[in-house]
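This report refers to the structure that appears directly beneath it.
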Amino acid sequence: MTAPEHRAAIESSLELAAERAGDLTPLVYAKLFARNPEMEALFWRDESGKIRGEMLSQVFDAILDFISERRYAGHLIQASVSIHTEYGVPLDVFGTFFGVVSATVREVLGEKWTPQIGAAWDRVLHELEAYVKAGEPV
């Protein structure tokens, strides 16, 4: 389980980002596609952005569960890795998505991004990355 101070920092950063920017979907995927342009072609059916929005919603749910009780985040991430591999998403790109979310939140928070928030995200991203690469239950 994530330390309470890290959990609080991540939760507050997500809340503040939502207050400042509303729907983060366009920002997150713009950053993902800038880093990995080959991934944009995989979204050819998502003309309205609803698929991206639903996927990001699941990522937020997974992060929030991962930093708290970890009731389902591990299984959701494992299933997502498997599904995305079948769609041709390389494991390293899948693993970077959480970092893209963090970078987007940091960008939106601007001066409100603190060293404590950064440390919390760094810790959780490290745990998530290790889990995604290892493919073992959390």
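The values are calculated or read from the model by the stated rules, or taken from the named source; none is laboratory data. Fair warning: this is a prediction, and the values are worked out from it, not measured in the lab. Every residue, glycine among them, receives a Cβ derived from its backbone with ideal geometry; neighbour counts consider all protein chains shown. The area values use the complete protein model at the heavy-atom level, side chains included, leaving out ligands, DNA and RNA. Shrake-Rupley method; radii C 1.70, N 1.55, O 1.52, S 1.80 Å.
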Notebook entry, point to check: In segment 1-10, what residues are out of contact with any Lys or Arg (no Cβ under 6 Å at 6 or more places or on another chain), closer than 16 Å to Leu128 by Cα and of a type outside the set (Gly, Ala, Ser)?
Noted result: Met1, Thr2, Arg7, Ile10
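Among the candidates Arg52, Arg106, Arg45, which residue alone is basic (Lys, Arg) and touching a helix residue (DSSP H, G or I) at 6+ places or on another chain (Cβ under 6 Å)?
So the residue among Arg52, Arg106, Arg45 that is basic (Lys, Arg) and touching a helix residue (DSSP H, G or I) at 6+ places or on another chain (Cβ under 6 Å) is Arg52.
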Notebook entry, point to check: Tally time: how many residues in segment 1-20 are under 10 Å from Arg123 (Cβ atoms) and modelled with pLDDT of 95 or more?
Noted result: 2
Note to self: So, in segment 8-31, how many residues would count as being farther than 26 Å from Val89 by Cα, open to solvent by 60 Å² or more (accessible area, probe 1.4 Å) and under 16 Å from the mean Cα position of the chain (by Cα)?
What the structure shows: 2
Check: Which ones in segment 35-56 are under 21 Å from Glu129 (Cβ atoms) and free of Cβ contacts under 8 Å to residues at least 24 places away in the same chain?
Finding: Glu38, Met55
